[in-house]
Amino acid sequence: MKNSTTQLLDAAQKIQQNAYAPYSKFKVGAAILANDNQVYTGCNIENASYPLGQCAEAGAIAAMIAAGTTHIDEVLVISPNDDICPPCGGCRQKLREFGDSNTIIHMATAKGEIQSINLAELLPLAFEKSNLLDE
Ligand SMILES: [Zn+2]
């Protein structure tokens with residue numbers, strides 16, 4: 001396993017413990033390696049009003065943006081069970097806003113088994129900035 005992957009796995013496992021998931025009990029952690037070489041983490045946050053819940057990836061993106069960085073080089077999402085936890089549709093779009101086709105998506109099981117793909121594979125034919133801006 002690459003050094004950065006190990007670093008992301010450790011960070012995601014740590015933040016996963018803080019997930020607020022009293023309803024689903026499905027605790028997820030996410031760790032982003034940004035282009036400033038820093039790691040930003042997030043966990044899922046549920047709400048009694050279910051639709052207001054937030055995914056782990058969104059929290060990690062928020063931490064990255066708050067720190068003044070806007071590019072995701074790699075992201076790792078860790079599941080609470082034996083299956084990988086692929087980012088949901090909404091998070092794929094959120095990741096695409098700050099990543100590029102080569103951004104690596106690592107999906108880990110609770111045991112730390114990892115499957116990795118790039119963002120072009122995760123979200124083909126993405127709707128993005130270039131669709132809106134005349135550049
Ligand atoms: Zn999501």
Between the modelled labels at Leu133 and Ala120 (7 Å from Cα along Cα→Cβ) the distance in nm is 2.1 nm
Percent of all Cα-Cα pairs per 5 Å bin for segment 3-132, counting from 0 up to the last occupied bin, reads 2, 12, 23, 25, 20, 12, 5, 1, 0
Mean-square fluctuation maximum in Gaussian network of the chain, Cα pairs under 10 Å, restricted to Ala58, Ala31, Ala110, hits Ala110
The set of residues whose placed amide H lies less than 5 Å from the amide H of Asp73, leaving out same-chain residues fewer than 5 positions away, is Leu33, Ala34, Asn35
Quick tally, 1.4 Å probe accessible area for Asp83, Asp134, Asp100, sorted with the most first, runs Asp134, Asp83, Asp100
Between the modelled labels at Ala110 and Asn35 (7 Å from Cα along Cα→Cβ) the distance in nm is 3.7 nm
The chain accessible area per residue, 1.4 Å probe, protein heavy atoms, integer Å², reads 55 Å²
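The values are calculated or read from the model by the stated rules, or taken from the named source; none is laboratory data. None of the values given here were measured: they were computed from a predicted structure. Heads up, the Cβs are rebuilt from the backbone with ideal geometry, glycines too, and the neighbour counts pull from every protein chain shown. Ligands, DNA and RNA are excluded from the accessible area calculation, which covers all protein heavy atoms including side chains. Shrake-Rupley method; radii C 1.70, N 1.55, O 1.52, S 1.80 Å.
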